[in-house]
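Enquirer: Structure incoming, see below.
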Amino acid sequence: MDTAFFAQKQYKLKNYLGALSSYESAQKMQITEKDTRNLNEIAIELGQATYKTGDYKQAIENFEKAI
């Protein structure tokens, strides 16, 4: 299963830690495969999931990566 798709499902189920883990995996896969097309989108999703876990400092860092 696509890790970004799985992350979105976890986020919708309010399993923010699971979503965060899946988004991090998706990000690592894209970097490894040198597929940078969706890295900004993943950074935004990482920011949202991190925000929901209460780690506001890390959420800001993730959002800044999307800029």
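The values are calculated or read from the model by the stated rules, or taken from the named source; none is laboratory data. Remember, predicted model here, so these are calculated numbers, not experimental data. Please note: Cβ atoms are built from the backbone with ideal geometry, for glycine as well, and neighbour counts cover all protein chains shown.
Enquirer: What number of residues within segment 12-23 satisfy the criterion of being more than 13 Å from Lys65 (Cβ to Cβ), assigned to a helix (DSSP H, G or I) and not aliphatic (A, V, I, L, M)?
Expert: Qualifying residue count, segment 12-23: 5.
Enquirer: Write out, first by first residue and then by second, each pair whose Cβ atoms fall under 9 Å of each other, whose residues are 6+ apart or on separate chains, and whose first residue, in segment 28-55, is β-branched (Val, Ile, Thr) while the second is surrounded by fewer than 17 Cβ atoms within 10 Å (Cβ to Cβ) and in a loop (DSSP other than H, G, I, E, B).
Expert: These pairs meet every condition: Ile42/Ala66; Ile44/Ala66.
Residue-by-condition table, conditions (1) among the charged types (D, E, K, R); (2) in a helix (DSSP H, G or I):
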position	(1), (2)
Gln10	no, yes
Ser25	no, yes
Asp35	yes, no
Glu45	yes, yes
Ala49	no, yes
Lys57	yes, yes
Glu61	yes, yes
Glu64	yes, yes
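Enquirer: Tell me the residue from Thr32, Thr50 that is polar (S, T, N, Q) and at pLDDT below 95, please.
Expert: Thr32
Enquirer: If you don't mind, there's one more thing I want to ask. Here's a check for you: in segment 26-64, which residue that is of a type in the set (Val, Ile, Thr) and out of contact with any Leu (no Cβ under 9 Å at 6 or more places or on another chain) is farthest from Thr3 (Cα to Cα)?
Expert: Ranking the candidates gives Ile60 first.
Enquirer: Could you run through segment 47-65 and say how many residues are buried (at least 16 other Cβ atoms within 10 Å of the Cβ) and either β-branched (Val, Ile, Thr) or in contact with a strand residue (DSSP E or B) (Cβ under 9 Å, 6 or more places away or on another chain) (or both)?
Expert: 1
Enquirer: Could I ask something else about it? Among the numbered criteria (1) out of contact with any Gly (no Cβ under 6 Å at 6 or more places or on another chain); (2) at pLDDT 90 or above, which one does Gln10 miss?
Expert: Exception for Gln10: condition (1).
Enquirer: While we're here: Taking only pairs six or more apart or across chains, which ones have beta-carbon atoms under 6 Å, a first residue in segment 1-19 that is without any contact (Cβ under 8 Å) to a residue 24 or more places away in the chain, and a second residue that is surrounded by fewer than 17 Cβ atoms within 10 Å (Cβ to Cβ)?
Expert: Qualifying pairs under 6 Å: Gln10/Gly18.
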